Amino acid sequence: MTRPQSRIQQKNSQTILDAALDVFSQAGFRGATLDQIAEVAGLSKPNLLYYFASKEAVHTALLSGLLDTWLDPLRAIDPKGEPLAEIMAYVHRKLDLARDFPRESRLFANEMLQGAPRMRAIIETDLKRLVDEKAQVFTVWMDQGRIARVHPVHLIFSIWALTQHYADFDVQVRCVLGPGHDPFAEAGRHLDTLFRRVLTPD
């Protein structure tokens, strides 16, 4: 039976994960080292290894926590709600995640770009089941004429692409927009208009 961590151990574990998030989101898994993570965390490498046995263990712990955060907005779509309102709320929750958790978004993107070696099993099971479940909800709404007919899974892909872009390509977005712009406020208004036009029935 695993003994619960003390308050100091919990604090140190979280410090390591916060530092690792910085390092992994900038350098990717292959470019990151335990020495870099320990330095950012302000701990010695042996101290880090007391909490996590390897770089892979740190990375896996980060990704496991991230996936729940990433999927909660999709889980929150209510089949009994008003369809367009539910989908637009999901779009805005995803955009809020991109604004509030940019490092986590880049960490997830880096994992996907590498072929998802540490997350493929979860993607093929938990994530796929959730997407299939919500796609079926969208299909029912389409059959009822409550939203326009589009491919339900590609609709989810489009929402992911058009929201996470603002975290993963933050530098490009801000450089192109120039000073004086709030990318997320402007994106929220744009995506609201875009998806409402696509999904409002004729």
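Using the basic label-point model (7 angstrom from Cα toward the beta carbon), what is the R118 to K80 distance in nanometres?
4.0 nm
Round to the nearest 0.05 the FRET efficiency obtained for A89 and T33 when R0 = 35 Å and r is the Cβ-Cβ distance.
0.30
Quick check on packing: order 56-66, 112-122 by the mean number of other C-beta atoms within 10 Å, highest mean leading.
Put in order of decreasing packing, that is 56-66, 112-122.
Given the options A121, M142, P179, identify the residue whose Cα lies farthest towards the positive end of the charge dipole of the chain (+1 on Cβ of Lys, Arg; -1 on Cβ of Asp, Glu).
Checked the options; the winner is A121.
Tell me which label goes with the value of log10 I(q)/I(0) by the Debye sum over Cα atoms at q = 0.12, 0.13, 0.17 Å⁻¹ computed from the coordinates here: (1) -0.72, -0.81, -1.15; (2) -0.58, -0.69, -1.25; (3) -0.59, -0.69, -1.14.
The calculated read-out lines up with (1).
Let me have the 222 nm mean residue ellipticity of the chain computed from DSSP H runs of 4+ only, each contributing -39500 (n - 2.57), with the sum over all residues rounded to the nearest 500.
Mean residue ellipticity at 222 nm (helix-derived): -24000 deg cm²/dmol.
Taking the beta-carbon count within 10 Å as an exposure proxy, list D202, D170 from fewest neighbours to most.
Taking fewest neighbouring Cβ atoms as first place, the list is D202, D170.
How much length is gained if the chain between E186 and T125 is pulled fully straight, taking 0.36 nm per residue apart and subtracting their Cα-Cα distance, in nm to one decimal?
Taking E186 through T125 to full extension adds about 18.5 nm, to one decimal.
Just subtract the alpha-carbon distance of A148 and R174 from 0.36 nm times their residue separation and send over the number in nm, one decimal.
This chain segment gains 6.1 nm when fully extended.
Compute the distance in nm between two label points, each set 7 Å from the Cα along the Cα-to-Cβ direction, one at A57 and one at Q9.
Spacing of the two 7 Å Cα→Cβ label points: 1.2 nm.
Highest first, please rank the peptides 90-102, 189-201, 173-185 by the mean number of other Cβ atoms sitting within 10 Å of their residues.
Going from most to least packed, we get 90-102, 189-201, 173-185.
Under a straight-distance cross-link criterion of Cα-Cα below 29 Å, which lysines are reachable from K55, leaving out those fewer than 8 residues away in the same chain?
By straight Cα distance, K55 reaches K11, K45, K94, K128.
Can you compute the charge dipole magnitude of the range 64-199 about its Cα centre, using +1 on each Lys and Arg Cβ and -1 on each Asp and Glu Cβ, nothing else charged? Give it in debye, rounded to the nearest 20.
240 debye
Would you mind ranking W141, W160, W70 by Cβ crowding within 10 Å, fewest neighbours first?
So the ranking, lowest neighbour count to highest, is W160, W70, W141.
What order do you get for S54, S158 when you list them from fewest to most C-beta neighbours inside 10 Å?
S54, S158
Shape verdict for the range 1-53, please, from the Cα gyration tensor: rounded (a/c under 1.5), prolate (a/b greater than b/c) or oblate.
Here the range 1-53 falls in the prolate category.
Each reported figure results from applying straightforward, stated rules to the coordinates on display, with no laboratory input. This is a predicted model, so every value here is computed, not measured. With ideal geometry, Cβ positions are generated from the backbone for all residues, glycine too; neighbour counts draw on all protein chains shown.
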